[in-house]
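Q: Okay, handing you the structure first.
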Amino acid sequence: MAQIIYRKERVFFIGMGTSGTLGKYGARYLSNLGKSAFYLDDPFHPTENGNYDDTVVVALSVSGEQRFLYKQIDGLKKGKATIVSITNTKQCTLAGISDYNIAYYIPMRVLPGGYNVTSSIPVVYILEKLAHEIHRLLEEQEG
């Protein structure tokens, strides 16, 4: 996945709720390490009319069932973006519609009222590991 992100000109992170906050973190962390990345924070931002041929989208979701992301991802895919996702399981809709997926498999914890308090530690680890691998690739390129 690091190779895929490294080769693309544009990197967008998307997610909602805590996953959205982690997407912001991932975009900033990757940018700090030399690969410009952005976070798209509006799940209703129109994506269906763009050319995303040289774009990779990193979609984050614990459940992988956030329906508001699907329309956005559909538009990005139609514009030829590469979709990578980080989810808690491969057996979810988001993983199924992604070109690539990393699943981390930890017990989900949802409080009354629907508040998902599943640990984010695996996601932070994955984001940082990817960013450091991309940084290594960038340094190799510079020679």
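Q: What nm distance separates the two modelled labels at residue 16 and residue 48, each placed 7 Å from Cα along Cα→Cβ?
A: 1.8 nm
Q: Another one. In nanometres, what is the gap between the two model label sites at residue 140 and residue 71, each 7 Å from Cα along Cα-to-Cβ?
A: Modelled inter-label distance: 4.1 nm.
Q: Quote the charge dipole size of the chain about the Cα centre in Debye, to the nearest 20; the model charges only the Cβ of Lys and Arg (+1) and of Asp and Glu (-1).
A: In total the dipole reaches around 300 debye.
Q: Continuing with this model, one more query. Taking the range 60-143, which chymotrypsin sites (Phe, Trp or Tyr not before Pro) meet the DSSP loop condition and have no more than 15 other C-beta atoms within 10 Å?
A: Loop-located and lightly packed - 105.
Q: What FRET efficiency do you get for residue 124 and residue 100 if R0 is 22 Å and r is their Cβ-Cβ distance, rounded to the nearest 0.05?
A: Plugging the Cβ-Cβ distance into 1/(1 + (r/R0)^6) gives 0.70.
Q: Something else now. Quote the FRET efficiency, to the nearest 0.05, computed for residue 115 versus residue 3 with a Förster distance R0 of 35 Å and r equal to the Cβ-Cβ distance.
A: It comes to 0.45.
Q: Please report the relative contact order for the chain, taking Cα pairs under 8 Å with a sequence separation of at least 6, and give it as a percent rounded to a whole number.
A: 24 percent
Q: Once whole DSSP H runs in the chain are found, which of them have Cα atoms spread over 18 Å or more along the helix axis and a mean Kyte-Doolittle score of at least -0.5?
A: 121-142
Q: Let me ask something additional. Quick one: which residues, 5+ away or cross-chain, put their amide H under 5 Å from the amide H of residue 85? H built at 1.01 Å from N.
A: When sequence neighbours closer than 5 places are left aside, the close amide H contacts are 59, 100, 101, 102.
Q: Do the sum for the chain: with -39,500 (n - 2.57) for every DSSP H run of n ≥ 4, divided by all residues, what is the mean residue ellipticity at 222 nm, to the nearest 500 deg cm²/dmol?
A: -13000 deg cm²/dmol
Computed from the coordinates by the stated procedures, all read-outs in this text should not be read as laboratory data. Note that the coordinates shown come from a computational prediction; the quantities given were computed from them, not determined experimentally. Note that we place each Cβ from the backbone using ideal geometry, even for glycine, and neighbour counts take in every protein chain shown.
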